[in-house]
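Coordinate-derived values only; no laboratory data. Predicted model, so just to flag it, every value in this text is computed and none were measured. Note that each Cβ is placed from the backbone with ideal geometry, even for glycine, and that neighbours are counted across all protein chains shown.
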C-alpha cells in the first residue's frame, strides 16, 4: 500500500505538520509529490484541499486508521499550486526538505496588529510649498526640507514611508501640519497611478525598453548590462508600466541595502498605491497580509529582497532582478537557493519576462548572455550629461619606497584637499570593518583566538576583542595568554582607524563612517545615508555598504583603500568580487554635472581585475577570468556541489562524511570528489566543520549525488550525529 504525507491549508500555521493518507490503487499513477489532492479531514470528514509532500509504503499508525484520499485535483489557476511546484523544484535543485522549501515560498498565517493606514498629503499651493522648502533648506532643517521636497513632486505619501524611510519624526510632521503645509489623513483604498516626472530616454534605453516590452506575454530572460549611472531603473519603469496596462503584475528584486527612501519614492511616484515594499523589518503578520493583498489584486508591483520573489501574484508578467550579481541573492538558510536562477524558473512557469540588471554582471549571467541563453541588452552611456569618472591606479609599493608610510597616497591626499576646498563630497571605500585586524604577540607570534571558533579575535576601539562569528568578547589582555609577554598589539587597519586618520589629517572635514558596527541600530544605515545626501558631511568612510548603487550628486572623488584586500581571500570568486566592488565604487563618482575621479590604491596594480575595474571593462575582465574558470572547472565553466557537515565530535564527523562520499562515488563515479577536509573555518560555536567538494560539468549529475546522499542520511546509514547541508555553486568557499 502506498501512503501520502499531506499538508493541509498550506498558508496556515499547520504548515509544520503533515497527515498521512492512503492512496487508492486507481490513483497510484496520478499521485506525485506536490500534487493537490482532496482529502477527508477532522471528525466530520469534511473535504479539504491539501498537497502531497511525501510518499512512502510504511504506515505511521495502524493501517486501518488511515483514511484514503478522496481524489487528485486537476491543476487549476490557484497560485498555491504553482508555489508548491516551485517549492518542489527548489527542493530538488538545492537540497533540504520540501517543508523547508514550502516555508520559503508560502507565507504562513500570522496575527497582525491592525494599524490605521494613513498618508501625508500636501495642503498648500505649490508656490507656498516651494517657499517653505527653501526656508527649511536655508536653515538646515534637513528632515523638513526632505519631506517638503517630496510633497512638491508627489502630493500624497504613505505615513510609514515618511517615518520609516525618510526618517521624519512625528514632531517634524506635526510642525508642518500646524503650519498648514500638509495634512494627515486616512489612506484612500482606490488605486492611484502616480504621475512621476519621467526622464527622456536615450537611444540605448529606448531600444532596451522596446525589446523587453515586445517580449511581454512570453518567457524570455534578458541581461540588461548597463554601466553605472546608465539609467537601468528607467528601463524597468517603462516595462512595468506596460505590464500594468496588460492587467498583469511585476516583481522587482533589489538588495535590501538598496531600499532607500529615494527608491521607494521613485516607484511610488510612478505607480501610487499599486506598489508595495517587502523588507526585513516587517513582522510575519504584515508579510502575510501583504501577500494576501497581492493575491487579491490589491497590489500590482512588489519591490523587495529575494523573499519578494515569492509574492503570490496570479498574473505575473515581469520579474526584475536588479544588481543581479549581489551575493545577498543567495540564501544562507536551507534551501540554499539563488534568487536569480529561481526567478528564471518562476518566470518560465508563469510565462513571464525576466530582466537581470547590473553594471558588473555575474560570470554566470554574462556567460549565458554570450552563449545566447539570455538576450543581452547594453547601456554604454550614462544617462543625462554625466560621464564616467577618470580612474587612476596608485602603486602603494612605490609610495612605501618613497617613504610614505600613510594609508593615503600623495595623490589621494592632494585630491581630498582639493575637493574639501571646492566644497565637494568624497567617499573612501575600505573592504573591511572595525578598528583593526587580529591581535597577536610580538614575542611568540601567537594570535589571540576565539575559544569557540577557529578564528582570531578582532580589536575594537572600546578596548575589547570580539569574535564576529559567535559574539564572544573579552577585554584586551595586558599580557600574552600564551607566553606572558607584554608585547601584544593589533595588526591591520579598519574603518574606525581610517576615520581617526582622516580626522587627524583633515581636521576641517566633517566625517561619517558606515560599517557593520555603525549600522547596528534600527535605521542606522539610512540615517547615515540621508545625512550624507543632505551634505551634513564632507567625507563618507565605509565598507562594501557604501558602494551598493547609491546616487550622491555631490560626490566627485572616490578613494579606494587597499583595493586588493579582497583578492587575498581563499575563494575562486575573489577576482570577480574585486572587479565588481571596484567598478561599483568607481561608479559612485561624478553622477551629476561635475566630473568624477577615482583613486585606486593597491599593492597589485598589474592584476587584471584591478586594471579592468579602472577601465570599467567587463568584457575584458570576463575574457581573463573565464580562462581561469575553464582551467579549474569552476562555475560557470563547470558546476560544484558543497556538502557541509558540522558536529561536536570531529572524528565522528569525518567518518560519517567519508561514508557519504565513498557510497556516492561507487554509485555515481563520474564527478570529481574532493575531501572530506576541514572547512576554512574549522570550528564555529564549538561545532567542527568539514566539507566535501563535488565537481561536474553536468548540474543534473550533482543533483543525483545530492539525492543519493540524502537517501543515506534519511535511512540512518550515514551522517549520524551530524548536521549535513548542501550548497550548489557556492558564492563563497567554506
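Observations, loosely collected:
- Among 602, 206, the ranking by other beta carbons within 10 Å of each residue's beta carbon, starting with the fewest, stands as 206, 602.
- Each of residue 171 and residue 520 was given a label point 7 Å from its Cα along the Cα-to-Cβ line. The distance between the two points is 2.6 nm.
- The overall shape of region 118-186 is oblate: from the C-alpha gyration tensor, with semi-axes ordered a ≥ b ≥ c, the ratio a/c is 1.5 or greater and a/b is no larger than b/c.
- In this simple spin-label approximation, residue 64 and residue 536 carry label points 7 Å from Cα along the Cα→Cβ vector, and these lie 7.6 nm apart.
- Fewest-first ranking of 677, 371, 459, using other Cβ atoms within 10 Å as the exposure measure: 371, 677, 459
- Extension gain for the segment residue 410 to residue 202, taken as residue separation times 0.36 nm less the Cα-Cα distance, is 70.9 nm to one decimal.
- Remark: the Cα gyration tensor places the chain in the oblate category, a/c being 1.5 or greater and a/b not exceeding b/c.
- Cα-based shape type of region 373-420, given that a ≥ b ≥ c are square roots of the gyration tensor eigenvalues and the cut on a/c is 1.5: oblate
- Counting 0.36 nm for each residue step from residue 615 to residue 674 and taking away their Cα separation leaves a gain of 17.5 nm.
- Helical contribution to [θ] at 222 nm, DSSP H n ≥ 4, -39,500 (n - 2.57), averaged over the chain, rounded to 500: -10000 deg cm²/dmol
- Net lengthening on full extension, residue 186/residue 46 (0.36 nm per residue, minus Cα-Cα): 46.3 nm
- Using a Förster distance of 25 Å, the FRET efficiency for residue 422-residue 135 (Cβ separation, nearest 0.05): 0.40
- Inter-label distance, residue 121 to residue 332: 4.4 nm, where each label sits 7 Å from its Cα along the C-beta direction.
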